[in-house]
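Step one of this worksheet: look at the structure below.
Values in this text are rule-based calculations from the coordinates and carry no lab data. These numbers were taken from a predicted model, which means no experiment stands behind them. Neighbour counts are summed over all protein chains in view; Cβ atoms, including those assigned to glycine, are modelled from backbone coordinates with ideal geometry.
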Amino acid sequence: CGGSISNSSGLLQSPFYPGNYPNNADCVWEIQVENNFRVMLTFRDIVMQSSRCQYDYIEVYDGPPHSSPLLGRLCSGSFPTYISSSNMMTVRFHSDSRYTFRGFQAHYSSIPEDHNTTLLCLPDYMHAVVSRDYFQSQGYSAQMVTLNDSHCKPTVTSHEVIFNIPYNGCGTIREENNDTINYSNMIKVTSSGYLIKRKKNIHLHISCKMLQNTWMQIMYVAEDTVDVNKNQFGRYDVNITFYDSSSFLRPVHDSPYYIDLNQNLYLQAYLHSSDPNLVVFVDTCVASPDPHDFNTLAYDIIKNGCVKDSSYVTYYSPYSHFARFRFNAFEFISRHTLVYLQCELVVCQLRDYSSRCYRGCISRSKRDASSAEEKVNVVVGPLQLRGGGAQSRNTG
C-alpha cells in the first residue's frame, strides 16, 4: 500500500486486487523516473464506490503530493491516461469505513522529454545542456550564449552548449517563500541590432525549486520564442557517519561496526549542498534488527524531535549542514546479532524559526496530510555486539 517507486515502468493496484480492498486504506505511491523523462499512467480497471468519488477514490498529482496540481480524481467509469510535466507523479488511493469493491489496476511507464534541452539540479550547481542545433535553428551562434552574468560562459562542444550554474554566483537569484527556496537564472542570446531587430531574443529561464528535501527543476523559454517546459525532481544528498569520539575527527568506516554494550555511539548527519543558507535537523531515529522493517520490532531513540532514549545527547556543530548527536548501545543489541538505525532528517532555511528545524519536540499522533514538509530517510549500520570471538575492528 503505497511507497516510493523508481523503476522505469510497472503496475499499481489497490491492496488485495483483484480481491476487495480493505476499509480505511490510505495509500500514496510516489513514482519518480529518470531525469528528463515523464511519467505516463494508464488505468486498466476501476471498480469502486462511485458516489461522486466522495468516499472511495483515486487522486493523481503532477509531482509531489503536497505541492502539485491535481490531474484527476476518479472512482469508476472510463480508463484515462495521465502524463506528468516532470519526472515525478503521485497516486493516492483512499477508502472509507463502509463498502469495498475490486479496486483498481494501472500501468505506468516513462517517456522521453524534448531532446533540445536537459536540466539537472545537482547538490552544488544547476547543470543545463542545450543543443547547438537549437540555437542554429534560431539563427544564432553558440558563442553568443551567456547567463544573467555575461562573464559566465558555457562549455561548447560539437553538439551541445553546457552550463554549470552555481547556486550562489553567475547572477543566480535566490528567493524564499513560506516553504520553498527558488534559485533562478537565465540562458540568453540577444539580437545584435540596436534600432531594428530581425530575430527573436532567446530567454531560457532556469530554476531549481527546493521544497524541504525535494528539488524541482524548471526550464522554460520566454514568450517570444517556442515554449519549452522542463520540470525535474530529485532528492537531497544526505548521509550519516559514525565517529569514534565526541571530537568528530575520525570517522568509523567498519561494517559491521563492532561495539560494546552501553558504549557511546557518536553520529554526524551531513547535508551535501552548496547553498550555505540551509540547516539540517534530526527529527526521528529508530533502531531495528531488520534494515527493511522499522515497524515490527523497533526501538525509538528520538521521535518527532522528542527524545525517547535517556542517553541521547546533541552536540554543537560549527556548520548548519552538520547535525551531531550521541546515544549509548542498549540492551536491545544484546538480543540481536545486528542492529540498524533509520533516521529521518529535515532540511530547512537557516534562521527560519517557524520551520520544523527550530520547533524541537512535536507530539503528534499522525502527520498532518496537508503539510508541505518532506523528510530525508537514511539507514545506517549494521551495529554488532563485540563478543569473545569477534575481533575489535574499530578504534572507539
Quiz prompt | Mean-position separation - Cα centroids, the stretch 57-115 and the stretch 306-360, in angstrom | solution = 35
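May I ask for the percentage of alpha-carbon pairs in the stretch 1-151 that lie more than 25 Å from each other?
Details: 4630 of 11325 pairs.
Above the 25 Å cut-off, the stretch 1-151 has 41 percent of its Cα pairs.
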Practice problem: Return the sequence-ordered ³J(HN,Hα) values of the stretch 308-322 in whole Hz as given by the Karplus equation 6.51 cos²θ - 1.76 cosθ + 1.60 applied to θ = phi - 60°, using x for Gly and Pro. | Solution: 10, 10, 5, 8, 5, 9, 9, 10, 4, 10, x, 10, 5, 7, 10
Quiz item: Assigning unit charges at the beta carbon (Lys, Arg +1; Asp, Glu -1) and nothing else, what dipole magnitude in debye, to the nearest 20, does the stretch 2-112 show about its Cα centre?
Solution: 220
Practice problem: With θ set to phi - 60°, apply the Karplus curve 6.51 cos²θ - 1.76 cosθ + 1.60 along the stretch 21-32 and write out the HN-Hα couplings as whole Hz, x wherever there is a Gly or Pro. | Solution: 6, x, 6, 6, 8, 8, 10, 10, 9, 9, 9, 10
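Summing +1 for each Lys or Arg and -1 for each Asp or Glu, what net charge is found among the other residues whose Cβ lies under 9 Å from the Cβ of Pro18? Kindly include the intermediate steps, with their values, before the conclusion.
Values: positive: Arg102; negative: Asp45.
Neighbour charge sum, excluding Pro18 itself: 0.
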Exercise. Return the FRET efficiency for the residue pair Asp96, His253: r is the Cβ-Cβ distance, R0 is 51 Å, and the value is rounded to the nearest 0.05.
Key: 0.50
Practice problem: State the answer as a single residue: which of Ser97, Phe43, Thr81 lies farthest towards the positive end of the charge dipole of the stretch 1-160, with beta carbon charges of +1 for Lys and Arg and -1 for Asp and Glu, about the Cα centre. | Solution: Ser97
Quiz item: Given 0.36 nm per residue, what is the gain on full extension from Asn295 to Gln143 after removing their alpha carbon distance, in nm?
Solution: 49.0 nm
Quiz item: So, counting K/R as plus one and D/E as minus one, what does the shell of residues with Cβ under 12 Å around Ile165 add up to?
Solution: -1
Self-check item: Cut-off under 5 Å, modelled amide H: who pairs with Leu71 long-range
Solution: Val60, Tyr61, Asp62
